[in-house]
Amino acid sequence: MFLLGLMALYFAFLAVPWGDANWRARFAFVNVVGIVGFVLLWPTFDVMTAGRVSCPKYIKQRVDARLVAGLDLRGGLRLVYTVDVAEAVKDKRDSYYEEMRRELAKLYADHQGDEAPSDELLSKLRERVTIEAPRSRTHTILLTIKAGQDASKIDMRFVNLFKPDLEMRKLSATEFEFSIRQSAESSIRDRAVAQAKDIVLRRVDSMGLREAAVSTRAEDIIVEVPGQDEASFDEIREIISQTARLEFKLLDDTSPYFETLEQQATPETLPQGLVFQRENAPIGVNEKGEELQGAVTYAYLPTIAGETSQQTYERLREWAATLTPPEDREIGFELVRNLVDEATQKEEEVGYRTHLLRARADITGDMIRDAQAAPDQSSTGLGGWGVQLSFSDKGGSIFERITGDNVNKRFAIILDTKVESTPRIMDKISGGSSRITMGSADPTIQLRDSKKLELVLRSGALPAPITPSNEQHIGPSLGKDSIRLGVEGAAAGGMLVLLFMIMYYRTAGVIADLAVLMNLFLQLAVLASFGASMTLPGIAGLALTLGMSVDANILINERIREELRDGKSARVAVELGYSKAFSAIVDGQLTTLIAAAVLAQYGTGPIKGFAVTLMVGVTCSVFTGVMVTRVLFDIWVRSAGKNKSISLG
Amino acid sequence: MQLFPIGRVYDFTSRRGLFMGISLVLTLGSFVLLFFPGPRLGTDFRGGTEVEVAFTERVTPAQVEAAVMKGDFSRPDVIRVEDPKNPHRFLIRVQEISTITDQQQLEIEKRLCLGEEKPQGCEHHGLEVKFSPGGEKISVRFEEPPDLSWVRAQFAGLSGIKLRAGASNPTVIDERDHRVEIQLTSRGDQLMDALRAGLAAGVVPDQALRTEWIGPKAGAQLRDAAVKSIVISLVFIMAYVAFRFDLRFAPGGVLALVHDAVVTVGVLIVLGREINLTTVAAILTIIGFSVNDTVVVFDRVRENLAKLRGASFDKLINVSLSEMLSRTILTSSTVIMVLLCFFIWGTGTLRDFALTLIIGMVLGVYSSIYVALPLTEYLDRKFFSTVKKKAVART
């Protein structure tokens, strides 16, 4: 549609009853580019002049190109996050722990194959070997071979299984300490920070905040958002700090754990307001394939007056941390909501409840290929929303196996340690996709939550949690006066160049100046369509490219002068001047482009801004310096008449 | 208007020896300067602590320097920052950054009762201690809710480590994990203290305008990346010239660029300017501009090759250079005009950037006239003399 309009415009200009076909083609092209440039800049002008150059709504809504002032010009928010790299190290250690336990099960408990050993085998293993992953030392695994067992099985072959990352220390004949090597640890740390930066950047980008800059310093991630919009700052804070760790864990609804707890607990040991409740839960199928139901007890902690639901969650968690769940089980927490209004599905958060989960996550976020917010087909017609997940091949086959083995049981979808939902497995699910239903029943909240979940799942989980460590609202880093001076310097430099060209080349100088102004205009339009932010170095780059962009015209004009001197007619001289100068122009600008591209790769922040402006400037200046001036030159030569001469000063 | 008489051919090549000699001396001299005394690297590259302070009354840089050095710091850079709102604004930069040595870390871990053996007097057991890379924060996870005054007491008498004053230090940042954060006085705080001690009362404000630190590791990484990016752009440009013209044009052109970049840095060292990220940006821009000049002349040589059949390479170069002389001077002067405006009006970084570029642009014009072409001719004669004049132009 848009392209069609442009083509129509192009042909309209092509039809002007003046000049030869070549000229008309150029004229039409220049005009179309100019109009596109204007449309791209229109909304920015509107904003900059506070509505005096008003831009029609139609264009404002469709053109999202905006040129915004950078952090150094208008200030903004600077957020510093610290990556909890110790957590990344611990994760790595934990995955080695799993692996080592499997290998030990092979050596001491007759385990076979690469699957995780079963519960039975593990308890058999526990009688023979203790393997420990201490919480206080996040990079070590301790191994103790119990009396009567053959400790010589922990030999070089075993150590070599974990060779590149782990090193072994023999504490005694039966005790071994495996720890992550210093070099491996520092590479885990570096990688965690780099990955976290990438993911934060992706999240910020997908929120449409192109002007935000993300950089790292040691173990800190620095996010700089220009502007003063508190609402968008809040959104950024929320989206960035979500770890987005997604896990699927099976529920254990047959364990009498909470029931026993209820009988044993005295009110003093329980958090204020905690009650035990019972619900009916699906607990699998019997041999005949009939679905079974069972009563299961859980703890429920309602939010007390003057408390946020987050505080309730923390209270419940604190209490749960004092409990000792059965082996290989853990406690999960889910937000409980109450329907307030039947008709609008409005609801309120009333508290948190527990679930007893299997400790091992069957499916984790890295097995997800894609996530997409989608309306709920099976919903009651109220326009519910959920997130459609598609698994990777590995994730899909695991999901198929798990659902096949656990028909009519519940599993928990856990996001950042909170249980989002606990759907019942109705049948074996193959095809590698699943769906997360949002906990809330209010469709607008569902939509909002699913969009957010989609965003964080797509941008990937953070390799380690990040915690905000510093936050600063910063004013413009340069005083108003130095900005004014910088802009004045740029303006003065630009004016000097324009004046100089007129003095030196007269009419041809005016033509070159018009081209330079169009160049400036186009550069701004291109930068706006990148959503670039205008920083002071950026303005410097702009002025500098003005100085350079006359280069093409100097080359051409000098050439035309030479041709005129050789006695060529005005028309031929212009023709030859342009064609002969072209290769020099392209060579010269391309080499500048190479240097600018390297600069853009290397630089961060303001330097990158400068490099991008330089690249855009160089590209635009070839267009304006060659194409635009040519159109004007031809008008001039034609109006000068057939036999009259032209003078280039 | 016409800068140079038309048709006049200047002789650039006859005094080739002299100019190449000068350039050689300049380049070698700059190389020597690079190592002795070596460039004054900015905080970007060297790492260090940087504080900007707006003093309430007039102080001289010498007073500031003396006060800082009395506070056990290395010789600081004291730079007056022009700011109409704060007339006494200074940028003070020292090499020291806050780091906690491994030994100190071990000592702290011991005092917080980390690890297996539990010494006497341990009321709480730390599970994990984390030191912030800036050396201004320590966070500790405890097994049980800790007594903050006990934590505070553990830091008493540790040399070189001081807790920042304030009632909420240390503070519990995570109830569930019993995580405690201890704020230490950073180098920035110490610097401010030194200023307060060394200058008249009431001159030093409570807060610095800005405190910034860069670790030495990050600085070294940036420095390596800077060198790498300059080398990469040289390689790319060389490849482009070789592809567009002829392999034998490339060494002359690139050596001219190396000359420009190295001598610019040399001049900056002589002027006592500091080398930072902005300088690297300026040098890369210079490389881009300078090769532009050289390439445009190469282009003319290629064209004249066909026109002036049988002429010596010497003459070819002189004719081409003379023909392009007005263009070279004109283009460079327009750019230099803009840069001069920035130099005159601009402040701070922008001004330094303009200065570096002006030096580089002037050198670029000189080198494309007196270095690139004569060198190309010299190399041509020396190494390609058998195929001389033939096949210079391929495209």
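State whether the protein assembly as shown is rounded, prolate or oblate according to the following rule on the C-alpha gyration tensor (a ≥ b ≥ c being the square roots of its eigenvalues): a/c under 1.5 gives rounded; otherwise a/b larger than b/c gives prolate, and the remaining case gives oblate. Taking the square roots of the gyration eigenvalues as a ≥ b ≥ c, the protein assembly as shown is prolate. The angle between the Cα long axis of helix A:629-639 and the longest principal axis of the Cα atoms of chain A comes to about 20 degrees, rounded to the nearest 10.
Each residue of the stretch A:83-100 was assigned a 3J(HN,Hα) from its phi angle through the Karplus curve 6.51 cos²θ - 1.76 cosθ + 1.60 (θ = phi - 60°); the sequence is 7, 7, 5, 4, 5, 5, 5, 4, 4, 5, 4, 5, 6, 5, 4, 4, 5, 5 Hz, with glycine and proline shown as x.
Treating only the Cβ of Lys, Arg, Asp and Glu as charged (+1, +1, -1, -1), what charge dipole size does the protein assembly as shown show about its Cα centre? Round to the nearest 20 debye.
On the way: 119 positive and 126 negative charges, 1249 e Å.
Around 6000 debye, computed over the protein assembly as shown.
Quickly estimate the mean residue ellipticity at 222 nm for the protein assembly as shown, helices only: each DSSP H run with n ≥ 4 gives -39500 (n - 2.57), and the total goes over all residues, rounded to 500. Show your work: numbers first, answer last.
Working: 31 runs with 530 residues, N = 1044.
Mean residue ellipticity, 222 nm, calculated: -17000 deg cm²/dmol.
How high is the relative contact order of chain A, in percent, with contacts defined as C-alpha pairs under 8 Å that are six or more residues apart? Computed value for chain A: 16 percent relative contact order.
Other protein chain C-beta atoms within 10 Å of residue C-beta, averaged over B:321-331: 4. Relative to the current alpha-carbon distance between A:ALA321 and A:GLU230, full extension at 0.36 nm per residue lengthens the span by 29.1 nm.
Axis angle, to the nearest 10 degrees, between helix A:480-505 and the longest C-alpha principal axis of chain A: 40 degrees. Treating r as the C-beta distance of B:THR60 and B:LYS110 and R0 as 60 Å, the FRET efficiency rounds to 0.80. Largest mean-square fluctuation among B:LEU305, B:LEU148, B:LEU222, in a Gaussian network model of chain B whose springs join Cα atoms under 10 Å apart, belongs to B:LEU148. Backbone amide hydrogens, once placed in the peptide plane, bring B:VAL81 within less than 5 Å of B:ARG89, B:PHE90, B:LEU91, excluding anything fewer than 5 places away on its chain. Classify the stretch B:223-264 as rounded, prolate or oblate, taking a ≥ b ≥ c as the square roots of the eigenvalues of its Cα gyration tensor: rounded when a/c is under 1.5, otherwise prolate if a/b is larger than b/c and oblate if not. Taking the square roots of the gyration eigenvalues as a ≥ b ≥ c, the stretch B:223-264 is oblate.
Using a/c under 1.5 as the rounded threshold, could you call the stretch A:166-286 rounded, prolate or oblate? The axes a ≥ b ≥ c are square roots of the C-alpha gyration tensor eigenvalues, and prolate needs a/b larger than b/c, oblate otherwise. The partial results should precede the final answer.
Values: a/c = 2.51, a/b = 1.30, b/c = 1.93.
The shape class here is oblate.
Between A:ARG435 and A:LEU389, the built amide H atoms are under 5 Å apart, and every one of these is 5 or more places off in sequence or on another chain.
Contact order normalised by length for chain B, with contacts defined as Cα pairs under 8 Å and 6 or more residues apart; what percent is it? List each step's numbers first, then the result.
Numbers: 562 pairs, mean separation 88.0, N = 395.
The normalised contact order for chain B reaches 22 percent.
For peptide A:483-494, the mean count of partner chain Cβ atoms within 10 Å of a residue's Cβ comes to 6.
Scanning the protein assembly as shown for cysteines with no neighbouring cysteine C-beta under 4.7 angstrom from their C-beta gives A:CYS55, A:CYS620, B:CYS341.
Trypsin sites (Lys or Arg not before Pro), restricted to the stretch B:120-212: which are DSSP loop and have at most 12 other Cβ atoms within 10 Å? Don't skip to the end; give the middle numbers.
Details: sites: B:LYS130, B:LYS137, B:ARG141, B:ARG152, B:LYS162, B:ARG164, B:ARG176, B:ARG179, B:ARG187, B:ARG196, B:ARG210; in loops: B:LYS162, B:ARG164, B:ARG176.
Filter output for the stretch B:120-212: B:ARG176.
Give the order of B:LEU234, A:LEU335 when sorted by the count of other beta carbons within 10 angstrom, beginning with the fewest. Don't skip to the end; give the middle numbers.
On the way: B:LEU234 22, A:LEU335 18.
With the fewest neighbours first, B:LEU234, A:LEU335 line up as A:LEU335, B:LEU234.
Per-residue Cβ counts within 10 Å, from other chains only, averaged over A:542-555: what number is that?
Counting other chains' Cβ atoms within 10 Å and averaging over A:542-555 gives 5.
The residue list A:HIS139, A:SER95, A:SER123 was ranked by how far each Cα lies along the charge dipole of the stretch A:92-154 toward its positive end, using unit charges on Cβ atoms, and A:HIS139 comes out on top. The H on the amide N of B:ARG40, modeled in the peptide plane, is under 5 Å from the matching H of B:ILE275, each at least 5 residues off or on a different chain.
Candidates B:VAL68, B:LEU373, B:PHE90 compared by Cα position along the dipole of the protein assembly as shown: farthest toward the positive end lies B:LEU373, with charges placed on Cβ.
Residue by residue, the stretch B:140-155 carries 3J(HN,Hα) couplings of 10, 9, 10, 6, 9, x, x, 8, 5, 5, 5, 4, 4, 5, 5, 8 Hz when phi is fed to the Karplus relation 6.51 cos²θ - 1.76 cosθ + 1.60 (θ = phi - 60°); x denotes Gly or Pro.
Using a Gaussian network model of chain B in which every pair of alpha carbons under 10 angstrom is joined by a spring, one finds that among B:GLY71, B:GLY48, B:GLY166 the greatest mean-square fluctuation is at B:GLY166.
Within the straight-line cut-off of under 16 Å between alpha carbons, the aspartates and glutamates reachable from A:LYS568 are A:GLU558, A:ASP634, sequence neighbours fewer than 8 places apart in one chain being disregarded.
If we sort B:355-361, A:367-373 on the protection proxy, mean other Cβ atoms within 10 Å, highest first, what's the order? Write out the running numbers ahead of the final one.
Working: B:355-361: 23.4, A:367-373: 17.9.
Highest mean packing first, the order is B:355-361, A:367-373.
Rounded to the nearest 20 debye, the dipole magnitude of chain B is 2520 debye, with +1 charges on Lys and Arg beta carbons, -1 on Asp and Glu beta carbons, and the Cα centre as origin.
Taking a spot 7 Å from the Cα of B:ALA200 along the direction of its beta carbon, which residues of the stretch B:43-62 have an amide N less than 16 Å from it? Label zone hits: B:55-62. I'd like the orientation of helix B:216-244 relative to chain B: the angle between its Cα long axis and the longest Cα principal axis, in ° from 0 to 90, rounded to 10. Orientation of helix B:216-244: about 20 degrees from the principal axis. Cross-link pairs exceeding 24 Å in C-alpha to C-alpha distance, out of A:LYS197/A:LYS451; A:LYS409/A:LYS452; A:LYS288/A:LYS394; A:LYS90/B:LYS110; A:LYS92/A:LYS197, comprise A:LYS409/A:LYS452; A:LYS288/A:LYS394. Stretched out straight at 0.36 nm per residue, the stretch from A:LYS170 to A:ARG401 would grow longer than its current Cα-Cα span by 79.2 nm. Counting only GluC sites (Glu not before Pro) that DSSP places in a loop and that have at most 10 other Cβ atoms within 10 Å, the longest clean stretch of chain B runs over B:118-395.
Where a number appears in this text, it was derived from the coordinates with a stated rule and is not lab data. The model shown is predicted, which means the values in this text are computed figures rather than measured ones. Neighbour counts run over all protein chains shown; Cβ positions are idealised from the backbone, glycine included.
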